[in-house]
1. Please verify whether the stretch 5-18 includes one or more residues that are among the polar types (S, T, N, Q) and closer than 18 Å to V109 by Cα.
2. Inspect the stretch 78-89 for any residue being part of a loop (DSSP other than H, G, I, E, B), hydrophobic (A, V, I, L, M, F, W, C) and either farther than 25 Å from M1 by Cβ or more than 13 Å from the chain's Cα centre (by Cα) (or both) and give the result as yes or no.
3. Any chance you could count how many residues in the stretch 68-99 are of a type in the set (D, E, K, R) and either under 17 Å from L31 (Cα atoms) or crowded, with 20+ Cβ neighbours inside 10 Å (or both)?
4. From the list G58, G101, G87, which one is small (G, A, S) and free of Cβ contacts under 8 Å to residues at least 40 places away in the same chain?
5. Considering R26, R50, R63, which residue is closer than 21 Å to K97 by Cα, surrounded by 16 or more Cβ atoms within 10 Å (Cβ to Cβ) and at pLDDT 95 or above?
6. Filter the stretch 100-139 down to the residues that are within 11 Å of D39 (Cβ to Cβ) and either touching a strand residue (DSSP E or B) at 6+ places or on another chain (Cβ under 6 Å) or at pLDDT 90 or above (or both), then identify the one that is surrounded by the most Cβ atoms within 10 Å (Cβ to Cβ).
Amino acid sequence: MALTVAINHAVREPDEWFNEPDDLDRVQRALDTVTKIEDPIHAAAILAARITRAQGFGEANKRTAFLVAKWTLDHNGVDGERLIPPGDRHFADLLVKASMGRDVELEIVRVFRGRALELGIDPRPAHPTRSIGREPPGL
């Protein structure tokens, strides 16, 4: 949770700070949903959709979800930059739909898995003992 909050605070612009409090319980529920998922590609897709749909932060939910998904991939041995390239309009459009409450989880999973196949990325976790939904010690 601390890493997710730090990412959210880092991506907010100075004019995006309002008195609206963050609902971190919603964010925590989104994070908790992936703790048992072994496939980092699947976990990143679910996290992106659920963090966005939860709308737990006053601002920057989609940007936070985008970076948490990339972090999840990178942290588990999958090159997040290759799977979610800069300027990825399709993924951005799916996050917009999620922010409007649409259930796009399976579509994001399909997009990520399709890209992994095209790029020759192995969807199995590089570190099977690493817990995908947990942050590294010290955060």
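1. At the first step, the residues of the stretch 5-18 found to be among the polar types (S, T, N, Q) are 8.
Adding the requirement that they be closer than 18 Å to V109 by Cα leaves none.
Within the stretch 5-18, none of the residues are among the polar types (S, T, N, Q) and closer than 18 Å to V109 by Cα.
2. Here is the first cut: in the stretch 78-89, the ones part of a loop (DSSP other than H, G, I, E, B) are 78-79, 84-88.
In the following step, the residues that additionally are hydrophobic (A, V, I, L, M, F, W, C) were identified as 78, 84.
Subsequent filtering for residues that are either farther than 25 Å from M1 by Cβ or more than 13 Å from the chain's Cα centre (by Cα) (or both) retains 78.
Within the stretch 78-89 (the criterion being part of a loop (DSSP other than H, G, I, E, B), hydrophobic (A, V, I, L, M, F, W, C) and either farther than 25 Å from M1 by Cβ or more than 13 Å from the chain's Cα centre (by Cα) (or both)), the answer is yes, since at least one residue qualifies.
3. Final tally of qualifying residues: 2.
4. Selected residue: G87, the only one of G58, G101, G87 that is small (G, A, S) and free of Cβ contacts under 8 Å to residues at least 40 places away in the same chain.
5. Values: R26 fails: at pLDDT 95 or above; R63 fails: at pLDDT 95 or above.
Testing whether each residue is closer than 21 Å to K97 by Cα, surrounded by 16 or more Cβ atoms within 10 Å (Cβ to Cβ) and at pLDDT 95 or above leaves just R50.
6. F112
The values are calculated or read from the model by the stated rules, or taken from the named source; none is laboratory data. Keep in mind that what you see is a predicted model, and the values were worked out from it rather than measured. When we count neighbours, we look across all protein chains shown, and the Cβ atoms used for this are built from the backbone with ideal geometry, even at glycine.
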